[in-house]
1. Answer with one residue from A:LEU323, A:LEU132, A:VAL66: the one whose Cα lies farthest towards the positive end of the charge dipole of chain A, charges on Cβ with Lys, Arg +1 and Asp, Glu -1.
2. Under a plain spin-label model, where a point goes 7 Å from the Cα along Cα-to-Cβ, how far apart in nm are A:SER414 and A:ALA308?
3. Quick one: B:MET21, A:MET71, fewest Cβ neighbours within 10 Å first, how do they rank?
4. What nm value, rounded to one decimal, do you get for the distance between A:THR266 and A:ALA33 when each label is placed 7 Å out toward the C-beta?
5. Describe numerically, in nm with one decimal, the distance between label points set 7 Å from Cα along Cα→Cβ at A:ALA282 and at A:ASP211.
6. Residues with beta-carbon under 11 Å from that of A:PRO330, excluding A:PRO330: net charge, scoring Lys, Arg +1 and Asp, Glu -1?
7. As a check on your grasp of the helix formula, calculate [θ] at 222 nm for chain B: sum -39500 (n - 2.57) over DSSP H runs of n ≥ 4, divide by the residue count, round to the nearest 500.
8. Quick one: what are the phi-derived ³J(HN,Hα) couplings along the stretch A:112-127, Karplus 6.51/-1.76/1.60 with θ = phi - 60°, whole Hz, x for glycine and proline?
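Values quoted throughout were computed directly from the atomic coordinates according to the rules given, and no laboratory measurement underlies them. Note that the structure is predicted; figures quoted are calculated from it, not measured. Positions of Cβ are generated from backbone atoms using ideal geometry, with glycine treated the same way; all protein chains shown enter the neighbour counts.
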Amino acid sequence: VTAPSLSVPIEHLLRELTPQVLGTVVRRFRDFAAAEDAVQEASLAAAMQWPLDGTPNNPRAWLTQVAFRRMADHIRSESARRRRESEVAHEVAQSSESTPFEAAPQEDDTLVLLFMCCHPALTPASAIALTLRAVGGLTTAEIAHAFLVPEATMAQRISRAKQSIKNSGIPLQLPTSEERAQHLRAVLHVLYLIFNEGYTSSAGPQLRRADLSHEAMRLARIVHNLQPDDTEVAGLLALMLLTDARRLARTSVAGELIPITQQDRTLWDKQQIAEGVALLSATLPKGSVGPYQLQAAIAAVHDEAAQADDTDWPQILALYDLLKRMSDNPMVTLNHAIAAAMVHGPTKGLELLDGLNADARLANHHRLDAVRAHLLELAGDREGAVSHYRSAAVKTGSLPERNYLLTQAARLSSD
Amino acid sequence: MKFILMMGMQTDKESMSKGIMTWPKEDVQAHIEFMIGFSKELKDAGELVSAEGLAWPNEAKLVRAGKDGTPITDGVFPESKEFLIGYWIIDVENTERAYQVAARASAAPGPGGAPLNMPIEVRQVMSGPPEEIQ
């Protein structure tokens, strides 16, 4: 049976209600894995019925009721195993008493779910899949499609993720205040990975899969609304807005990659840039500047230049200086070298790259070759540039990027 | 009927000296555009199941399990070898159509826009059991 294609409002409504309903069901039954299945079934039932019968007056109550019924079925079907039945019955009895969790405001349900789905004990792939399903309200088929894997594979990934939550005894509650910061970072990291998966597409020939980026932005917005005072949450949302604003300009009609300096800036989304900049300007003065805010600030400097030549590179270099001090990520050092080259000339940039030669994390990475090729070209060393563009092309795992690098090498060797 | 169309790449010195790395920019671009357009054509025709390009074979390895099951890798391979560099899986009416599609891929433009006429290996992808066996 395939669901009829949904009208956009029903789809949006279902996606918005999923984490709320799931939160309620989890709170009531204390069994995340079963609750998640029940809510997904309720959501599929709604997707079948609402377009035919009309959306119920209280859609949230409708979904909750159907999910509760599914949970009751689930408990009944488990009742053959007596011991287990009594456990569940005990849990149900316990959870219907007013526990602090029950009394907590409803918005916290979504946070509890996010903390659980993005728990540091899960692998990133599991956390991503689970977050998209339990909090994002996407179906397994939709997630499988987004990651270009068969539905059965994705279903298994999700079910194993739920199993590891069960096994590792991750509690169904908000983390303690000591753990909170660390767990929130894990949530942001998962959202960042979802965004990047959509933006750069780590698999397949297509450079960008917009739906994942939009889903990541939608979820980041939810977290930002729940935690409006967290500056890194705001920073991440701003970073996504400011990066995604360039999406139309980033590839040609034929799907070829266009570097930022050559993009048609009239295609950039002005409204999204304005929103990102406003968010960032409101956040930076609050103190405690973290890596997401800095990356957002760098994106904003690029976005605010009407032409590539207007780019305020000294400002970008200063931001990368700060970022470098905060993280030991060689990618940051690479970008820092580019900024330094733009401010002080390619020789300075190449000097900084030499410092990365010994870094094992970059030993076989195409980015080091690609950046060196670019800087050698700026320095007028065509032969060196061609050779490094070629080795970068051989090393990259991205088809559009390989096409781009091959074209660069060919351009320099045939002129 | 499903078929896999496999495109190979020779890594011996002579083949590499004529490879895409050595083509002028226009020819590289024309080749890339052809490949992107070709996949899109198959998709639009409802015949494409999947298509993937593989990373360059310079890091290709042959892996065997050792005595205790740990991986033993063999490679990088110096030369005189053909590597799979990409494939299409298509779902078409019949074998003739699969050959037509393979011939289109084979004639992808090379230096000076001339067709490469490279070999494309065509193999049928086995199906599941027939719906009813009586």
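1. Final value for the positive-end residue is A:VAL66.
2. The answer from the label model is 2.0 nm.
3. Going from least to most buried by this count: B:MET21, A:MET71.
4. About 5.7 nm, to one decimal.
5. Label-label distance for A:ALA282 and A:ASP211, simple model: 3.1 nm.
6. +1
7. Rounded to the nearest 500, it is -8500 deg cm²/dmol.
8. 4, 4, 5, 4, 6, 5, 9, 4, x, 6, 8, 6, x, 4, 5, 4
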